[in-house]
Amino acid sequence: MAGTIVASWHRLSTRAKVVGAAVLVLLVVAAAVLYMSTSDGISVVDPESAFSSYAWVFVLITLDAVIPIFPGETTLNAAATLAAQGKLELLPIIVMGALGAIVGDSSLFWLARLFTGKLEPQIARAKASPSVREALDLMDSSAAVLIIGGRYVPGMRFVVNATMGLSDIAYPRFLVWSVISGILWSTYTSVLAYEIGLALGDFPLASFVISGLVTTVVLAVVFLTVRRQRRKTAASSPEAG
């Protein structure tokens, strides 16, 4: 199926490709304008309109995968916090968060595969970030680890998914790990914010800030542990002696 899509794209005329790209850009711009009119990822989550809140979780997380200026994770945390207050349901939030992550991953994957020349400079700039570079160094090169682990590091999700699109990995294999990654990430993020929201019922705005800090601390501990272990392994290897 993936090969058929790529082949169909290459058979299109230059005019058709330009029109398709223009439509995609217009959709993204329209979403960006609509988002900017609401100012942030918190105010779009409205307890008076559950449907629109769930929809915004999906939309902003999807867009965040392609253009990382959108506050997808903030919106997910805000929605989960409202669920802790009984104003929204947690399960639909997790589902929409996972779907948004999966659709966003696939969108960036195909954009990278179809517009290689346009995205390569952006990927190079993103990889220049010290945190992204260190995370890439610490993770092994397997697609599974990069797709699942990269989602939790700022900037890594864009780099990993775009790089996968530029590589020769088959889309079905990418999709499998993207689905697993999206479900794990949405569940972890939503449940963490929900539980903190329950504990800090009188301070709803503090709950998603604290959940973000918890994730940061956990990531720091994991990376420091992995880096220390690798240094010990390298020091004890025969080549080191």
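What follows is calculated from the coordinates using simple rules that are stated; it is not laboratory data. Quick caveat, the model's predicted, so the values are computed rather than measured. Cβ: placed from backbone, ideal geometry, glycine included. Neighbour counts: every protein chain shown.
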Worksheet entry | Residue-span extension gain [F115 to A144] - 0.36 nm each, minus C-alpha spacing | 8.1 nm
Practice prompt. Arrange the peptides 87-94, 190-197 so that the one whose residues have, on average, the most other Cβ atoms within 10 Å appears first.
Written response: 190-197, 87-94
Practice prompt. Along Cα→Cβ, 7 Å out, is where each label goes; now give me the distance between the ones at A199 and D46 in nm to one decimal.
Written response: 3.3
Worksheet entry | Mean Cβ neighbour count within 10 Å, used as a protection proxy, ranking 56-67, 168-179 highest first | 56-67, 168-179
